[in-house]
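The values are calculated or read from the model by the stated rules, or taken from the named source; none is laboratory data. On a predicted model such as this, the values are computed, not experimentally measured, just so you know. Quick reminder, even Gly has a Cβ in these numbers, built from the backbone with ideal geometry, and neighbours come from all protein chains shown. Note: accessible area is taken over every heavy atom of the protein model, side chains too, but ligands, DNA and RNA are not part of it. Shrake-Rupley method; radii C 1.70, N 1.55, O 1.52, S 1.80 Å.
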Amino acid sequence: MPENKDFSITRARVWRGRSASLEALTSPLDVREGRFAETAEAAEAAHAQAAAPIDLSGRVVVPGLIDAHVHLELDPMLRTPTEQLAVPRDERRAAMARRAGQMLAAGITTTRDCGGGSHLEHALRGEIAAGMRPGPRILCCGRPITTPGGHCHFWGGEVADGEEIDAKVAAQIEAGSDWIKVMATGGVFTPGTRARDTQFDEAGLARVVRAAAAGGRSVAAHCHGSEGIAHAVRAGVRTIEHASFAGPDGFGTALDPDLMREMSERELWVSPTVNAGWGRRATDDRGAPTDFFRRLSACLRTQRAHGIRFIASTDAGIPGVAHHDLVAGLKAFAIFADLRPVDVLRAATSESARALGLEHETGRIAPGLSADFLVLRDDPLEDLAALEDPEWVVSRGVWLDRAARRALASGEDVEGWEPGRA
Ligand SMILES: [Zn+2]
């Protein structure tokens, strides 16, 4: 495989990120300086640089995957915030770098970190972008904005009033955050909060959106309860995280079709964080659908029926959900939401890039975009399992073969990694 970021590939079947089926490459796909060639001149230059086109007969090429909601800072083996906060800073920094490597090894070439307390992911984002470490392109949210004692308050994002909202949002932007995260409802992870309870009224969330927009940022809102979802939608957030329509009887027990219709008419996406854990909870010991499956499946199917746009996400880092395990989440997503593989793949590539504001950077195989793609043996539009073990993962034009992927997946020390030589 090429040592530099100028190459051409031929003879593969390609899924560019939107269509309903694969297409056979009729002319070489040229990459110049890590991007799909935009012009004939760039294509010529890529040809001239490349020794010979890389013959990918029998292989399928798809865009690299995007997980729109992870927490790099969280260790999925730890159960409580207290344990998470007790991890020493140096140890945490090393673990975050390792997790980023594992994500890339699994074909995740872009991710959005939906919050933590240390801002360590901001530095990691820069090191990866500079080619100093292997990992996905990272968008950072920084400290989630929350109410006093509210969901994930221990991360330092508490605000008591409007002025504090402005200051806290500005501080995240100042720290280099790409997005602003707000906790519109309580959550499972924080003792003393309830997922279905709202944390801000509509005006409070609108103030978060305004403060974020003043810095050119969009807002991701953590929302479980239906009332919190409604506040966030009307306040103008861009992504609704979880959207579990939780009511007094639990997740998926307060479905609101009118609100769903309203959501489908706005420029927003639901990021439902369906993950490997959901997959494990879908059926009971006898193989029968669980109550959890019935409620959450109905919730997602009703949203789908109302035309809500989805992006793929996992909430990786929460207990039992590993950072590299997006594909298991995609398979669960297809089952819970009754989606075709192509719909799930769009949610994990082109649609996600659009929602995250990266449509001119990644998420499709298109001229000018970063050369982020997977080389597969089988067609993932037939079966998402084809994504499980890519033959190559290519990130910004750098090829990772199976041996390199295995080394990263095993958590091998990545300090000595050099771009192009993995
Ligand atoms: Zn989360």
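Near residue 158, the amide H atoms lying under 5 Å from its own belong to 146; only residues 5 or more places off or on other chains count, and H is placed 1.01 Å from N.
Per residue, the accessible area of the chain comes to 39 Å² when a 1.4 Å probe rolls over the protein heavy atoms.
When DSSP beta bridges are restricted to pairs lying wholly in the chain, around 40% turn out antiparallel.
With respect to the chain, whose longest principal axis is taken over its alpha-carbon atoms, helix 89-105 is tilted by about 50°. Taking a straight line from the alpha carbon of residue 168, these lysines sit under 21 Å away, with near neighbours fewer than eight places off in the same chain left out: 181. Working from label points 7 Å from Cα in the Cα-to-Cβ sense, the residue 379 to residue 290 distance is 3.4 nm.
For the pair residue 87 and residue 154 in one chain, pulling the backbone fully straight at 0.36 nm per residue adds 22.7 nm over the alpha carbon distance. If you fit an axis through the alpha-carbon atoms of helix 120-129 and take the longest principal axis of the Cα set of the chain, what angle between them do you get, 0 to 90°, nearest 10? The two axes meet at around 20 degrees. Evaluated with a Cβ-only charge set (Lys, Arg +1; Asp, Glu -1), the chain carries a dipole of roughly 440 debye about its Cα centre, given to the nearest 20.
Quote the FRET efficiency, to the nearest 0.05, computed for residue 391 versus residue 366 with a Förster distance R0 of 22 Å and r equal to the Cβ-Cβ distance.
Details: r = 22 Å, r/R0 = 1.00.
Rounded to the nearest 0.05, the efficiency is 0.50.
Counting 0.36 nm for each residue step from residue 163 to residue 201 and taking away their Cα separation leaves a gain of 12.2 nm.
For the listed peptides 362-370, 99-107, 290-298, a ranking on the average number of other beta carbons within 10 Å per residue, highest first, reads 99-107, 362-370, 290-298. In this Cβ point-charge picture (+1 for Lys and Arg, -1 for Asp and Glu), region 62-182 has a dipole of about 540 debye about its Cα centre.
Region 247-281 and region 344-400 have Cα centres separated by 25 Å.
When 1/r is averaged over all different Cα pairs and the result inverted, which Kirkwood radius in Å belongs to region 128-250? Intermediate results must be reported in sequence, preceding the final value.
Working: mean 1/r = 0.0692 Å⁻¹.
Computed over region 128-250, the radius equals 14.5 Å.
Using the Cβ of residue 10 as centre and a radius below 12 Å, the other residues enclosed give a net charge of +1, where K and R count +1 and D and E count -1. Distance between the pseudo-spin-label points of residue 40 and residue 340 (7 Å out from Cα toward the beta carbon): 3.6 nm. Here the accessible area of the chain is 48 percent carbon and sulfur, with a 1.4 angstrom probe and all protein chains present. Projected label points at residue 171 and residue 129, each 7 Å from Cα along the beta carbon direction, are separated by 2.3 nanometres. For region 197-221 versus region 2-81, the spacing of their alpha-carbon centroids is 35 Å.
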